[in-house]
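What follows is a single structure, written as structure tokens, with notes after it.
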Amino acid sequence: LVVTFWRGAWSLIDIYSCQSTGSATLLNGEVFCFSFDVQSALRRNSALASLGIGYLLTISGKYLYSRGWFNGIDKSEGRTTTITKTSITGFRRVTNLQIMALGGVFIWRGFWYLSDFLIYPDNPFISSWLTGLLGCLGSILLC
């Protein structure tokens, strides 16, 4: 389920931010922004926009969480039934989760494309291995 959400969100972002055709799919070899030159301005600008949107979504989700929106604190007046309160709280939690998850996809995508643009852009083999090893090392250090 997580991979489906992740790949679907990433694909939609690539279709709309990299001016891809509607028929671009993984099956026919048109892998959205990956089909562009690593040094293209379109891909770099897409990466920067993705980072900005990702941070905006993440900060917005954190703000909503800190304001009690996620926990279902209802300051409105009037009586509501338990089922209504539970439904509203559930909707708020799912919405906040979607906002935070999309923020993570946007940030990941932005860093991925910028690392392709900045780290050994002329040698994709070294760039891929270096960024992969650094990512693994960073994950191990976080544990």
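Say whether the condition of being assigned to a helix (DSSP H, G or I), loosely packed, with under 13 Cβ neighbours inside 10 Å and at pLDDT 75 or above is met by at least one residue in the range 36-48. Checked against the condition, which is being assigned to a helix (DSSP H, G or I), loosely packed, with under 13 Cβ neighbours inside 10 Å and at pLDDT 75 or above, the range 36-48 yields at least one hit. Could you grab me the full set of residues in the range 92-112 that are free of Cβ contacts under 8 Å to residues at least 60 places away in the same chain and farther than 21 Å from Thr4 by Cβ? Of everything in the range 92-112, just one residue is free of Cβ contacts under 8 Å to residues at least 60 places away in the same chain and farther than 21 Å from Thr4 by Cβ, namely Arg92.
State which residue is surrounded by the fewest Cβ atoms within 10 Å (Cβ to Cβ) when the search covers only the range 95-123 and only residues that are farther than 18 Å from Gly52 by Cα and of a type in the set (A, V, I, L, M, F, W, C). Looking at residues that are farther than 18 Å from Gly52 by Cα and of a type in the set (A, V, I, L, M, F, W, C), I get Leu97.
If you go through the range 113-141 one residue at a time, how many are touching a residue at least 40 places away in the same chain (Cβ under 8 Å) and within 20 Å of the chain's Cα centre (by Cα)?
The initial filter retains those residues of the range 113-141 that are touching a residue at least 40 places away in the same chain (Cβ under 8 Å), namely 113-114, 116-117, 121, 124.
Filter again for within 20 Å of the chain's Cα centre (by Cα), leaving 113-114, 116-117.
Going through the range 113-141 one residue at a time, the tally reaches 4.
Inclusion of Thr82 among residues that are open to solvent by 90 Å² or more (accessible area, probe 1.4 Å) and at pLDDT below 80 is warranted. Against the condition part of a helix (DSSP H, G or I) and either of a type in the set (Ser, Thr, Tyr) or surrounded by 17 or more Cβ atoms within 10 Å (Cβ to Cβ) (or both), how does Ile126 come out, does it pass? Spelling it out, it is not the case that Ile126 is part of a helix (DSSP H, G or I) and either of a type in the set (Ser, Thr, Tyr) or surrounded by 17 or more Cβ atoms within 10 Å (Cβ to Cβ) (or both).
The values are calculated or read from the model by the stated rules, or taken from the named source; none is laboratory data. Predicted model only: the values in this text are computed from it and were never measured. All Cβ positions, glycine included, derive from the backbone under ideal geometry; neighbour counts span all protein chains shown. The area values use the complete protein model at the heavy-atom level, side chains included, leaving out ligands, DNA and RNA. Shrake-Rupley method; radii C 1.70, N 1.55, O 1.52, S 1.80 Å.
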